[in-house]
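The values are calculated or read from the model by the stated rules, or taken from the named source; none is laboratory data. As the structure is a computational prediction, the values presented were derived from the model and not from experiment. Every residue, glycine as well, gets a Cβ built from its backbone with ideal geometry; the counts of neighbours run over all protein chains shown. For the accessible areas, the whole protein counts, side chains as well, though only heavy atoms, and no ligand, DNA or RNA atoms are used. Shrake-Rupley method; radii C 1.70, N 1.55, O 1.52, S 1.80 Å.
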Amino acid sequence: MAQAVLRTQVGIVGAGPAGLLLSHLLAREGVASVVVESRSRRHVEERIRAGVLEQQTVDLLDEAGIGARLRREGLVHHGIKLRFSGRTARIDFAALTPGRAVTVYGQHEVVKDLIAARLAAGGTIVFDAEATSVHGFDGDAPTITFSDGTQTRRIECDFIAGCDGFHGISRPSIDAGVLRIYERTYPFAWLGILAQAPPSSEELIYALHDDGFALLSMRSPQITRLYLQCAPDEDLGKWSDARIWDALHTRLEDTSGPRLNEGAILQKSVTPMRSFVAEPMRQGRLFLAGDAAHIVPPTGAKGMNLAVADIRLLACALVHWYASNDASALENYSDACLRRVWKAQRFSWWMTSLLHRFDADSAFDRRRQLAELDYIAGSRAAQTALAENYVGLPLDA
Ligand code: FAD
Ligand code: PHB
């Protein structure tokens, strides 16, 4: 019979990249944690989400000893392409930033690597266990209550890490009046597909077309990941495979480039677009990290990278507290994260504004977008600004 109360040092809600990485980094420094995750192991390992890792995300995963498969299977990209008005501009990361790159490696692969590492090291991840409340974080004895389907259990801990994503329970558990919310929703969403087809371009293509935005990305040399701008309440039932491919051909191809390779559609989904920040990322002994605290529209490929950057700071601050009973890094956690979060918010908003159709009737906005893309295509300074944000600003920027 399972024990009803678990005791640990750090209780972690959510086994996404943020929660799993925190548990892994803490364990390497001798700090114990328990992760509770509402979904099954299979579900989190198969959930298709982010695909682009900044250089420093890759370096951190490497330093943390979980980069071996990522180094073997990840696709290193030294540039991206912008397509507009029948033209293609290439942003050359290697030339514009000091030899930096991004790596295409699915978020679910990072999640698999982290779960394997935690379980191999004897770590505790309780799957199919929904946290129903977090308490006591304004004092020094926080608890997490969760249900594993058969019984209600409790974790007693020193700190709670709310890594439970945008729809989790941690952020809404913070007392009224503590958080200030900054938010923007966009009048469109992304229809995403995963296709059994070799990518028709070695590099990602971001396209602005009169019909709306499109993106070509990939997961492997055999699997293409593609997105189309669509309505926020888009009915997937109205998008036959043939309609999706037609729209992708129209928006992504130019006359000179290769045709998009078609293949079986393995997965289809609609992702809403939102910018969101909750400040501060903490109340007492409850710390928010990743999507629990902030959301960016995916156009800048920043979401998972921000979650990793938060966790790097949170893990260091907690380890420091256990080593020297000094809370200064924990006190500084929210401010330190938010400096970076707002820069990523700005970049994600800018990429989104540049590449989407906002208002079908605004000929002025369309001209302005095309002028900006033309400017980027011809200006090394503009390309450098894009490149340094895309590959990731330095961790202390
Ligand atoms: P999540 O991955 O959301 O993890 C939270 C976990 O908490 C989940 O497993 C959830 O099941 C669990 N949970 C929730 N509530 C509870 C509860 N009550 N009890 C227990 N568990 C709970 N980012 C990039 O960096 N690059 C990209 O290219 C990119 N592309 C994207 C494309 C799409 C289509 C989408 C949807 C997102 C993309 N992102 C991208 C964003 C990225 O996926 C997220 O920022 C990332 O998942 C954040 O990680 P997280 O661990 O904070 O949250
Ligand atoms: C992805 O491969 O899923 C992807 C790539 C770049 C983005 C967003 C998503 O900006």
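Some notes on this structure:
- Calculated FRET efficiency for the pair Arg184/Ala121, C-beta based, R₀ 35 Å, to 0.05: 0.30
- Given charges at beta-carbon only (K, R positive; D, E negative), |dipole| of region 64-173 in Debye: 960
- Region 20-75, accessible surface, carbon-and-sulfur percent (1.4 angstrom probe): 41
- The residues of the chain expose on average 42 square angstrom of accessible surface per residue, using a 1.4 Å probe on protein heavy atoms.
- Burial ranking of peptide ranges 270-283, 178-191, 84-97 (average Cβ count within 10 Å, highest at the top): 270-283, 84-97, 178-191
- Solvent-accessible area, 1.4 Å probe, carbon plus sulfur percent, for region 118-212: 45
- Take the Cα of Glu46, step 7 Å toward its Cβ, do the same at Glu156, and the gap between the two points is 3.9 nm.
- Kirkwood hydrodynamic radius of region 181-287, Cα pairs, Å: 15.3
- Distance histogram in 5 Å bins (all Cα pairs of region 213-343, percent per bin): 2, 8, 16, 15, 12, 11, 10, 9, 7, 5, 3, 2, 0
- With the largest listed first and rounded to whole Å, the semi-axes of the equivalent ellipsoid of the chain from the Cα gyration tensor are 38, 22, 20.
- Intensity falloff of region 269-397 expressed as log10 I(q)/I(0), Debye formula with alpha-carbon point scatterers, at q = 0.22 Å⁻¹: -1.25
- Hydrodynamic radius (Kirkwood) for region 102-213, which is based on Cα pairs only, to one decimal in Å: 18.8
- Dividing the Cα radius of gyration of region 13-97 by 2.2 N^0.38 Å, with N the residue count, gives 1.46.
- Accessible carbon and sulfur surface of region 220-269 relative to its total accessible area, %, 1.4 Å: 50
- Rounded if a/c under 1.5, otherwise prolate or oblate - region 276-342, Cα gyration tensor axes: prolate
- Neighbours of Arg357 by Cβ distance under 10 Å: Lys/Arg scored +1, Asp/Glu scored -1, total -3.
- Applied to region 308-314, the Karplus parametrisation 6.51 cos²θ - 1.76 cosθ + 1.60 on θ = phi - 60° returns per-residue 3J(HN,Hα) values of 5, 5, 4, 5, 4, 5, 5 Hz, with x for Gly and Pro.
- Residues in region 312-350 reached by a label modelled at Ala385 [backbone nitrogen below 16 Å; 7 Å Cα→Cβ]: 343-350
- Net charge of neighbours whose Cβ lies under 11 Å from the Cβ of Ser217, counting Lys and Arg as +1 and Asp and Glu as -1: +1
- Using alpha-carbon coordinates, inclination of helix 380-391 to the longest axis of the chain, degrees: 40
- 28 Å Cα-Cα reach of Lys81 towards lysines, excluding residues that sit fewer than 8 places from it in its own chain: Lys268, Lys302, Lys343
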